[in-house]
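Here's the structure we're looking at; comments come further down.
Nothing in this text is a laboratory measurement; each read-out follows from the coordinates by a stated rule. Bear in mind that the values here come from a model prediction, so they are computed numbers and not experimental data. All Cβ positions, even for glycine, are placed from backbone atoms using ideal geometry, and neighbour counts span all protein chains on display.
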Amino acid sequence: MSMPQSISSVFMAILRRDMLLAFRRRQDLANPLVFFVIAVSLFPLGVSPEKSFLAEAGAGIVWVAALLATLLSLDGLFRSDFEDGSLEQLVLSPSPLYAIVLAKILVHWLVTGLPLILLSPILGLMMYLSSDQIVLLGLTLLLGTPVLSLVGAIGAALTVGLRVGGVLISLLVLPLYIPVLIFGAGTVNAAASGLSVAGYLALLGAFFMLALVLAPLAAAAALRISMTNS
Amino acid sequence: MALLRVERLTCERDDRILFQDLSFEVGSGEVIQIEGPNGAGKTTLLKILGGLLQNWEGELYWKGQPMSEVRSEFLASLLYIGHKPGVKAVLSPLENLRAWSALHEPATDDKLMAALARVRLAGYEYVPCGSLSAGQQRRVALARLYLSQAPLWVLDEAFTAIDRSGVEQLEALLANKAQRGGAVIMTTHHALNLPGALRKIRLGKAQEAPEVLEEEDLL
């Protein structure tokens, strides 16, 4: 019988493997980022380049684009592992699936959520946001994008066995994204009107903690269901 | 005591009964070949044994205890190589094996390299698997057999795309596994040359020869 592996070593192994996979397919990584930048840049052109409009709507626009960019990237989270049989090996590992799924979600966030956050100051400048607002926007994205990855993983796991997964993920996950969007963009707008943002940030933090604990459980259960029906 | 006991296993898929009241035992030192025509449910049976499917009826026992109670112990004792072998095309054979071993069977890089050499992939350790042939990709998955200490191996079509000398080598490996007290459940369309240890379980109805048409029917 093989020795049961420690959870942290399994977590690190999956992390290393998925980071390696991500960097071997760099062009896939660029997709959501390019979408993010283009979607935000089109607003000044398509709606209005007025400073008054952009400064007011900017945070919301960046948040909506970040949400949609994350949504775009979700389908690939488990699909390639499902198609080449790696997912069977993961599910049949004696280690808890929770740790494996959490590692995969972390990699997803590192290669989509984190670059979005790093890009957001440039887009914030373009939207005439003040430096305080840009910092706050980065902070809300830092709390919010992990929630998007965590919750999105549930949708990705449920639809991994289906051919039309992409569309279904959006429908399943979008309602759960709405609160994050409202409080994420709302924080920056509240700060602009001189209100206290502590409550907003606390709520975003609560979303994050809740998703961190529950979403991998749900995603792991959803993966087992998807495997069963394939 | 039998390692794995299957009792009155019944599986229905798409309104078709694949097998009904199937009972058998797998003891240590046995190699069991699941036989049957295409679509008879061989892969389904192996997936049920591995716990990958849930829509079936019957009982599974691992070392005499109900499977649901000893699931994690069973998983630590199982090596499953499915129809799709779980080899990443963009990773090299060594990286693939390393990722698998971290989850299932901790091993040093030296041991991984040795296992790859055993399946005649020496010199290909750092080449992306996507540029290897189908047989070589299958060998990357089969290298796990040289690392695994798990008492039960479940192999689905393990010999697909493997050349003749590779098959002979695997037969020797399976015979050795059986001698050391391990158990193997497998499907293959190859005629296995394993004197003594091999037992066959046949699924589905025996394929009937197509009726010969009378000459007047053809006219």
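Side notes on the structure shown:
- For chain B, the square roots a ≥ b ≥ c of the C-alpha gyration tensor eigenvalues yield an a/c of 1.5 or more together with a/b not exceeding b/c, which makes the shape oblate.
- Over the protein assembly as shown, the alpha carbon radius of gyration divided by the compact-protein estimate 2.2 N^0.38 Å works out to 1.18.
- 0 to 90° range, to nearest 10: angle between helix A:165-192 axis and chain A longest Cα axis: 40
- Between the alpha-carbon centres of the stretch A:1-63 and the stretch B:94-143 there is a gap of 32 Å.
- A:Leu171/B:Glu35 FRET efficiency (R0 41 Å; Cβ-Cβ; nearest 0.05): 0.40
- Note on chain B: with charges restricted to the Cβ of Lys and Arg (+1) and Asp and Glu (-1), its dipole about the Cα centre is near 1160 debye.
- Per-residue mean of foreign Cβ neighbours for A:221-229 is 2 (Cβ atoms of other chains, 10 Å radius).
- Listed cross-link partners A:Lys104/B:Lys42; B:Lys84/B:Lys111; B:Lys42/B:Lys88; B:Lys47/B:Lys200; A:Lys104/B:Lys47 are compared with a 21 Å cut-off, the Cα-Cα value being larger for A:Lys104/B:Lys42; B:Lys84/B:Lys111; B:Lys42/B:Lys88; A:Lys104/B:Lys47.
- For the stretch A:7-229, the Kirkwood estimate of the hydrodynamic radius, built from every pair of different alpha carbons, is 18.0 Å.
- Angle between chain A longest axis and helix A:7-24 axis [Cα atoms, degrees, rounded to 10]: 60
- Fluctuation leader among A:Ile100, A:Ile122, A:Ile154 - chain A, Gaussian network, Cα springs under 10 angstrom: A:Ile122
- GNM on chain A, alpha-carbon springs under 10 angstrom: the most fluctuating residue among A:Ser193, A:Ser130, A:Ser80 is A:Ser193.
- Karplus (6.51, -1.76, 1.60) ³J(HN,Hα), θ = phi - 60°, over the stretch A:141-153, in Hz, Gly and Pro reported as x: 5, 4, 7, x, 4, x, 5, 4, 5, 5, 5, x, 4
- Rounded to 10°, Cα long-axis angle of helix A:97-108 versus longest principal axis of chain A: 40
- Of all the options B:Glu57, B:Glu95, B:Glu157, the one that moves most in a Gaussian network model of chain B with Cα springs shorter than 10 angstrom is B:Glu57.
- Based on Cα contacts under 8 Å between residues 6+ apart, the stretch A:71-230 shows a relative contact order of 32 percent.
- For the stretch B:153-167, 3J(HN,Hα) per residue [Karplus equation, 6.51 cos²θ - 1.76 cosθ + 1.60, θ = phi - 60°, Hz, x = Gly/Pro]: 10, 10, 10, 9, 6, 5, 8, 4, 6, 8, 6, 4, 5, x, 5
- Phi angles across the stretch A:27-39 convert, under the Karplus curve 6.51 cos²θ - 1.76 cosθ + 1.60 with θ = phi - 60°, into 3J(HN,Hα) values of 5, 5, 5, 5, 3, x, 5, 4, 4, 4, 5, 5, 4 Hz, Gly and Pro given as x.
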